[in-house]
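As structure tokens, the structure follows; a few thoughts come after it.
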Amino acid sequence: MAENSGDLSGKVALVTGGSRGIGKAIAMELAGRGADIAFNYFRNHAAAREVEEAVAGLGVRCLRARAHLGDSDAIDGLFEKVASEFGRLDILVNNAASGVMRSASELEERHWDWTLDINARAPWKCAVAAANLMTDGGTIVNLTSPGSTSVLPDYFVVGISKAALESLTRYLAIEFAPRGIAVNAVSAGFIRTDAVDAFPEGSPAYEMAQRVTPAGRVVTAEDVAKVVAFLCGEDARMIRGQILLVDGGEMLVRR
């Protein structure tokens, strides 16, 4: 059996939305396995600096870059910074997400555009840019949610954007396979993060994030990060275009 199959030493990883929540946990997990880390953030400078210091404290290189992923020019600038700093890229984690929590009848076109731009268009643009830097092959992992297939109150446009992201995962898995790039997605069950806290208290998503799953405890951001890291390792090279659900069995149970 191969040793250190989860070792990512010498790899360069870009995690979008890496300054908080699941993105922060992923950046820390990949750094702990030896990967150099680049991450973007949008508004919270203090949180981004804290992640930068924590990653660097693990003995790897870290690039912190502010970039609004709803802006194609900003995406181009982000990848120019990664290329300038590291010269290549091995791992892309499309984690950054946003959305407007309204029903279909209450949603406005600008809400639709905002959500789809960040949750679906940006991962497409980032994946293409990343593939151009993955000269020796690589890995792309997209972060989705159970709301892509299950209907949740006020989750209309976010659920649609995540369904689009899962379709994007399958198409890119085939298009990028000849280039040695594995593309998959991790569907994170509802976890107590700033994103879930945006749901009204008492809503299904908010309640799901608080309660113990059939596995005996709540799901954490670190649980999700470990699955992402697994997909970035050699043991997962033959997994392509799949959506791995990390929810402790919650979506199997009707409550």
Considering only residues that are assigned to a loop (DSSP other than H, G, I, E, B), among the hydrophobic types (A, V, I, L, M, F, W, C) and without any contact (Cβ under 8 Å) to a residue 60 or more places away in the chain, which ones fall in segment 212-243?
Val212, Ala215, Val218, Val219, Met238, Ile239
Give the number of residues within segment 216-255 that are open to solvent by 80 Å² or more (accessible area, probe 1.4 Å) and touching a helix residue (DSSP H, G or I) at 6+ places or on another chain (Cβ under 9 Å).
6
Out of all the residues in segment 15-73, which are more than 20 Å from Val228 (Cβ to Cβ), out of contact with any Phe, Trp or Tyr (no Cβ under 9 Å at 6 or more places or on another chain) and crowded, with 16+ Cβ neighbours inside 10 Å?
Phe42
I'm trying to understand the selection: among the residues of segment 52-77, which are over 16 Å from the mean Cα position of the chain (by Cα) and either among the acidic types (Asp, Glu) or in a helix (DSSP H, G or I) (or both)?
Glu52, Glu53, Ala54, Val55, Ala56, Asp71, Ser72, Asp73, Ala74, Asp76, Gly77
Could you run through segment 88-127 and say how many residues are closer than 24 Å to Ala38 by Cβ and open to solvent by 60 Å² or more (accessible area, probe 1.4 Å)?
4
Single unsatisfied condition, Ser5 versus (1) modelled with pLDDT under 95; (2) among the hydroxyl-bearing types (Ser, Thr, Tyr); (3) not in a loop (DSSP other than H, G, I, E, B):
(3)
Per the filter on segment 78-92, residues touching a residue at least 12 places away in the same chain (Cβ under 8 Å) and either among the charged types (D, E, K, R) or outside any loop (DSSP other than H, G, I, E, B) (or both) are Leu78, Phe79, Lys81, Val82, Ala83, Glu85, Phe86, Arg88, Asp90, Ile91, Leu92
Enumerate the helices (runs of 4 or more DSSP H) found wholly within segment 93-186, keeping only those where 2 or more residues are acidic (Asp, Glu).
109-116, 156-176
Can you name the number of the only condition in (1) open to solvent by 30 Å² or more (accessible area, probe 1.4 Å); (2) in contact (Cβ under 8 Å) with a residue 12 or more places away in the chain that Glu175 fails?
(2)
Which one of the conditions (1) surrounded by fewer than 20 Cβ atoms within 10 Å (Cβ to Cβ); (2) within 22 Å of Val183 (Cβ to Cβ); (3) basic (Lys, Arg) does Lys11 fail to meet, given that it meets all the rest?
(1)
For Leu92, the lone unmet condition from (1) under 15 Å from Lys11 (Cα atoms); (2) touching a Gly at 6+ places or on another chain (Cβ under 6 Å) is (2)
List pairs: first residue in segment 94-115 and modelled with pLDDT of 95 or more, second residue assigned to a loop (DSSP other than H, G, I, E, B) and open to solvent by 80 Å² or more (accessible area, probe 1.4 Å) anywhere in the structure, Cβ distance under 7 angstrom, at least six positions apart or on different chains.
His111/Arg102
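The values are calculated or read from the model by the stated rules, or taken from the named source; none is laboratory data. Since the model is a prediction, treat every value here as computed from it, not as a measurement. Glycine also receives a Cβ, built like all others from the backbone with ideal geometry; neighbour counts cover every protein chain displayed. Heads up: the accessible areas ignore ligands, DNA and RNA and are worked out on the full protein's heavy atoms, side chains in. Shrake-Rupley method; radii C 1.70, N 1.55, O 1.52, S 1.80 Å.
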